[in-house]
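Read through the structure below, which is laid out as structure tokens, and then see the notes.
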Amino acid sequence: MSFPRKTVRRPGRVRDDKRIEQMVRVDHAGEYGAVRIYRGQRAVFADRAGKSRIAGQLQRMEADEQHHLDAFDDHIRNGLARPTAMGPLWDAAGFALGAVTAIIGERAAHACTEAVENVIEGHYGRQVEELRLMGETELADQFAQFQAEEVAHRDLAVDEGAQDALGYPILSAMITAGCHTAIAITERV
């Protein structure tokens, strides 16, 4: 007795335009949100006595995020994706999250960075793997570079006492959940 042969689709080297569009849309929104978080934090720390060190750190991290955002703006202009319809909400939510964590204190601001970047490190990592399987090495390399910069932000935040922030476990869990929710929504909207 012979069994019919099944055709098994194997992963790899098949470009998935819909998935790439989804990745670019989500990452564009995420980088926009990150810029807004740092701007909210800097708005609190900018003119406060004794806060020039953290204000400088935030400004440098914001510049990295702006560089990432500019790259995703280019991808959108070049037709790889459309921006999310959630932009106005992510604008307000990002700035508010940044301002609130900065009002709590420096360590809470760093806890925010750590939580966000933990999510983003894994997020970019999964995307890099997917893109490499599709043969999209240029985009994968760009995402991998952004991932490395996000990890550097996270490591700085940890070094600056993120895990010693008031209410750290709850703050970190809430921010992490918010990031995962924002990603899930932005993938669709």
Signed unit charges on C-beta, dipole axis of the chain, positive-most listed residue Q57, I185, L139:
I185
When ligands, DNA and RNA are left out and all protein chains stay put, how many square angstrom of accessible area per residue does the chain have with a 1.4 Å probe?
54
FRET efficiency for D73 and E129, using Cβ-Cβ distance with R0 set to 30 Å, rounded to 0.05:
0.75
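Sort 78-86, 26-34, 102-110, 131-139 by packing, meaning the average of other beta carbons within 10 Å per residue, with the highest value first.
On the way: 78-86: 14.7, 26-34: 25.0, 102-110: 21.3, 131-139: 16.3.
The most tightly packed comes first, giving 26-34, 102-110, 131-139, 78-86.
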Cα Rg, Dmax, the range 103-146, angstrom units:
14.3, 45
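Based only on the alpha carbon positions, what is the Kirkwood hydrodynamic radius of the range 31-103, in angstrom? Show your work: numbers first, answer last.
Working: mean 1/r = 0.0779 Å⁻¹.
Computed over the range 31-103, the radius equals 12.8 Å.
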What translational D, rounded to a whole number of µm²/s, comes out for the range 87-189 from Stokes-Einstein when the hydrodynamic radius is the Kirkwood one over Cα pairs, at 20 °C and 1.002 mPa s?
148
Project the alpha carbons of the range 1-133 onto their principal axes and report the range along each, largest first, in whole Å.
82, 32, 23
Under 13 Å from a point placed 7 Å out from the Cα of Q145 along the Cα-to-Cβ direction: which residues of the range 69-87 have their backbone N that close?
69-72
Distance from a point 7 Å along Cα→Cβ of V189 to each backbone N in the range 66-85: keep the residues under 20 Å and list them by number.
81-85
Is there a quick way to get the dipole size of the range 39-129? I mean about its Cα centre, with the Cβ of Lys and Arg at +1 and of Asp and Glu at -1; what is the value in debye to the nearest 20?
320
Quick shape check on the range 131-189: root eigenvalues a ≥ b ≥ c of the Cα gyration tensor, a/c under 1.5 is rounded, otherwise prolate if a/b tops b/c, else oblate, and it reads oblate
Only helical DSSP H runs with n ≥ 4 go in: add -39500 (n - 2.57) per run for the chain, normalise by residue count and round the 222 nm mean residue ellipticity to 500 deg cm²/dmol.
-27500 deg cm²/dmol
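Please report, ordered by residue number, every helix of the chain (full DSSP H runs) that is 15 Å or longer along its axis going by C-alpha atoms and whose mean Kyte-Doolittle hydropathy reaches 0.5.
Details: long enough: 17-45 (42 Å, -0.64); 52-77 (36 Å, -1.12); 87-104 (26 Å, 1.37); 106-134 (41 Å, -0.50); 137-159 (33 Å, -0.40); 168-188 (30 Å, 0.76).
Going by DSSP H runs, the hits are 87-104, 168-188.
Using the Cα centre as the reference, give the magnitude of the dipole from point charges on the C-beta atoms of the chain (Lys, Arg: +1; Asp, Glu: -1; all else neutral), rounded to the nearest 20 debye.
Values: 23 positive and 29 negative charges, 166 e Å.
For this selection, approximately 800 debye.
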Evaluate E = 1/(1 + (r/R0)^6) for E121 and R48, where r is the Cβ-Cβ distance and R0 equals 22 Å; express this FRET efficiency to the nearest 0.05.
0.15
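The values are calculated or read from the model by the stated rules, or taken from the named source; none is laboratory data. Everything quoted here is computed from the prediction, not taken from an experiment. Neighbour counts are summed over all protein chains in view; Cβ atoms, including those assigned to glycine, are modelled from backbone coordinates with ideal geometry. These accessible areas exclude ligands, DNA and RNA; they are computed on the full protein's heavy atoms, side chains included. Shrake-Rupley method; radii C 1.70, N 1.55, O 1.52, S 1.80 Å.
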